[in-house]
Amino acid sequence: VFLYLGVPDFSFFFKKLGDYEVFRLLKQQTSVVAGIIMDEGGEVDKIIGEKILAVFRVNKNEHETALSAFRVAKKILELEKTNQLSFSISIGLNYGKVINGFLGVGSKRDFTVIGDPVNVTARIESLAESLDNNRCLISETFYKLVDKEITAKVHGKVELKGKSQPMKVYYLS
C-alpha cells in the first residue's frame with residue numbers, strides 16, 4: 001500500500017517566506033508526518049523536497065494494511081484542517097505489487113520500491129494537488145480494500161501519464 005504526499009503550489013512559498021524559513025517549516029512538517037506514518041506501521045521510503053513516499057507492507061492482511069494507510073491520511077488531513085501543519089497537503093493512496101531492494105552505488109545505496117503502482121500513486125497525488133479541497137484521492141484498487149469502512153465518492157475516470165486506459169479515482173467524503 002502506498003501513500004504519496006505533497007504540498008500544492010510549493011514553489012509559491014519560497015517567494016513568500018524565503019528559503020531558510022521554508023526549509024525550517026518543511027523540516028518540521030516532515031517530522032510530524034513521518035511520525036504519523038511510522039506510528040501506523042508505515043515506512044518513509046523517500047523524501048524528495050516536499051514530497052513523501054510512504055510504504056505500508058502487507059504482511060498478512062491487505063485490508064488492515066490499507067486501513068492503516070487510510071488512518072494516516074485521515075490524521076494528516078485533520079492536522080491540516082485544524083491549521084497544525086505549516087503547509088497544505090495533497091495525498092494519493094494506491095495499492096499494488098512492486099519489486100523492492102537496494103539500489104545505488106557504494107555508500108549511496110538506498111532501499112526502494114519500484115513499479116507501476118508507485119508511479120500511479122505519485123500521479124494520483126499530483127492530480128490531488130490541482131483540487132481546491134478534498135485533496136486526498138484514492139485509486140479504485142485501494143478503495144476496494146476499504147470500501148466497507150470509509151465513505152468516498154467517485155471523482156471520475158482520469159487519464160494518468162503512462163496509462164493506456166482512464167482510471168477511476170475517488171475522494172473522501
> Just for the Cα atoms in the chain, what are the lengths along the principal axes, largest first, rounded to whole Å?
Replying inline: 43, 42, 33
> Between residue 16 and residue 63, what is the spin-label point distance in nm, taking each point 7 Å from the Cα along the Cα→C-beta axis?
Replying inline: 4.2 nm
>> Ordering 107, 126, 90 by accessible area with a probe of 1.4 Å, largest first, what comes out?
In response: 107, 126, 90
>> Past 29 Å, Cα to Cα: identify those pairs from 51/108; 16/153; 108/168; 15/157; 75/153; 15/97, in the order given.
In response: 16/153; 108/168; 15/157; 15/97
>> Show me the trypsin sites (Lys or Arg not before Pro) within the stretch 60-117 that DSSP assigns to loop and that have at most 12 other Cβ atoms within 10 Å of their Cβ.
In response: 60, 97, 109
> So what is log10(I(q)/I(0)) for the stretch 1-87 at q = 0.15 1/Å, when the Debye sum runs over its Cα atoms only?
Replying inline: -0.56
> Under a no-solvent Debye model with one identical scatterer per Cα of the stretch 33-84, what's log10 I(q)/I(0) at q = 0.14, 0.24, 0.31 Å⁻¹?
Replying inline: -0.36, -0.93, -1.20
> Tell me, what does the Kirkwood hydrodynamic radius of the stretch 90-145 come to in angstroms if you use every pair of distinct C-alpha atoms?
Replying inline: 12.5 Å
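The values are calculated or read from the model by the stated rules, or taken from the named source; none is laboratory data. Bear in mind the structure is a predicted one, so any value in this text is a computation, not a measurement. Neighbour counts are summed over all protein chains in view; Cβ atoms, including those assigned to glycine, are modelled from backbone coordinates with ideal geometry. Protein only, heavy atoms only, side chains kept; ligands, DNA and RNA dropped before computing areas. Shrake-Rupley method; radii C 1.70, N 1.55, O 1.52, S 1.80 Å.
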